[in-house]
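Worksheet: the structure to be examined is printed underneath.
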Amino acid sequence: MPSWRTTLTAAGVSGSRLRDDYTHAARRVLRREPAPYLALRMLAAPPLVPCLAAGLAFMNLVDDVAETGTPQQRAAGLAALSERVEAALKSGDSPDPLLRAYAHAVDSRGLPPYWVSRFLAGAATAEAGFDGFEAEEDFQAYLDAYALPGVLVFTGLQYRGGPDEQQAAGWRRFVDAAQRVDFLADLCGDLADGRLCIPRARLAEHGVTRADLEQARDTPAVRALLAAECRRARTALDDTRGILDLAEPGLRPVVSTMTELMAHQLTAVERAGVAALRRDIGYGPAAPLRILVRAARRRPV
């Protein structure tokens, strides 16, 4: 793995201020999401790493603002952030080093600002005002409004000029699977925070109440509901096949690794069953390292 300085140089990032900006963004990702950061550093082509690190840092920043505080605080925070982002994208400058790095990444890679504005709009509506899903159609609308733009403000930077229609459609399938797995893995924590992320119509189909889930009742109906949700997630994960062909060659090892981690986490949820209502299901300490090391060994030199 090349040094960070060498990586910045390989990406054409010059000037001490800009290099410091990208370093700030990368450190933020490392603190918040060490597994994706290590995957980028170890597996992605060096010219792609700084811009993708800045993209992931930006995605995390918006997520954090959209999920912190009261609804009024979230709305105010996102409105203020949107103004700062718009100014940074227009001028290329900002008091915030993260936004400076991200604005440079968007400009240098040619990502259409449409994806950024769509993500911020979705954060202010679909995420900040989240009240669960009535049916599958509402979940799909959430993906279109928030989850897909959120992924493309990050992964879209791999493509010069942004993703084309086929590439965006491939990432839409990826997001569908990733969001289902994430919601299942975080069932316990989400319920504790007052968020029910399984469509209410599907609870009704199985004769399950929200209280059944909140109290982690081990009943045949609850087990059947969770098993059905896992099957949906598994089908969505199977539908992501082909995403590697749509990714840039320099990012394919990362995408493959993240897909493998997602499959590992879903398997853990399937095995946990009703226990997923009592504790969130993470990757565990060993699996990410094992998968990363295996992927690094497969990566062409």
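The values are calculated or read from the model by the stated rules, or taken from the named source; none is laboratory data. No experiment lies behind these values; they were computed from the predicted model shown. Don't worry about glycine lacking a Cβ; one is built from the backbone with ideal geometry, like all the others, and counts go over all protein chains shown.
A few remarks follow.
- Sole exception among (1) touching a residue at least 40 places away in the same chain (Cβ under 8 Å); (2) surrounded by fewer than 18 Cβ atoms within 10 Å (Cβ to Cβ); (3) within 24 Å of Pro95 (Cα to Cα) for Phe58, by number: (2)
- Looking only at residues of the stretch 208-242 that are of a type in the set (Val, Ile, Thr) and out of contact with any Asp or Glu (no Cβ under 6 Å at 6 or more places or on another chain), we find that the one that is farthest from Leu187 (Cα to Cα) is Thr240.
- For the stretch 125-167, a tally of residues being among the hydrophobic types (A, V, I, L, M, F, W, C) and farther than 23 Å from Asp193 by Cα returns 6.
- The residue that is surrounded by the most Cβ atoms within 10 Å (Cβ to Cβ), counting only those in the stretch 150-170 that are within 11 Å of the chain's Cα centre (by Cα), of a type outside the set (Ser, Thr, Tyr) and closer than 19 Å to Glu260 by Cβ, is Phe154.
- The residue of the stretch 276-301 that is surrounded by the most Cβ atoms within 10 Å (Cβ to Cβ), among those that are among the small types (Gly, Ala, Ser) and modelled with pLDDT under 90, is Ala295.
- Candidates are the residues of the stretch 8-32 that are of a type in the set (Val, Ile, Thr) and under 23 Å from the mean Cα position of the chain (by Cα); the one that is surrounded by the fewest Cβ atoms within 10 Å (Cβ to Cβ) is Thr23.
- The stretch 119-136 residues that are under 13 Å from Thr68 (Cβ atoms), paired with ones that are surrounded by fewer than 19 Cβ atoms within 10 Å (Cβ to Cβ) and aliphatic (A, V, I, L, M) (beta carbon under 8 Å, 6 or more apart): Ala128/Ala75
- Test result for Thr257, polar (S, T, N, Q) and modelled with pLDDT of 95 or more: no
- Tally of residues being within 19 Å of Glu260 (Cβ to Cβ) and aromatic (Phe, Trp, Tyr) across the stretch 171-191: 2
- Residue within the stretch 64-85 that is of a type in the set (Val, Ile, Thr), exposed (fewer than 15 other Cβ atoms within 10 Å of the Cβ), over 20 Å from the mean Cα position of the chain (by Cα) and under 27 Å from Glu127 (Cβ atoms) present: yes
- Within the stretch 33-55, the set of residues being surrounded by fewer than 24 Cβ atoms within 10 Å (Cβ to Cβ) and under 18 Å from Gly92 (Cβ atoms) is empty.
- If you go through the stretch 135-152 and keep only what is among the hydroxyl-bearing types (Ser, Thr, Tyr) and touching a Cys at 6+ places or on another chain (Cβ under 9 Å), you end up with nothing.
- Output for the stretch 221-240, where each listed residue is among the hydrophobic types (A, V, I, L, M, F, W, C) and within 15 Å of Gly273 (Cα to Cα): Ala221, Val222, Ala224, Leu225, Leu226, Ala227, Ala228, Cys230, Ala233
- Residue that is within 25 Å of Asp164 (Cβ to Cβ) and surrounded by fewer than 16 Cβ atoms within 10 Å (Cβ to Cβ), where the choices are Asp107, Asp93: Asp107
- Considering only residues in the stretch 86-123 that are under 15 Å from Ala25 (Cβ atoms) and among the polar types (S, T, N, Q), the one that is farthest from the chain's Cα centre (by Cα) turns out to be Ser94.
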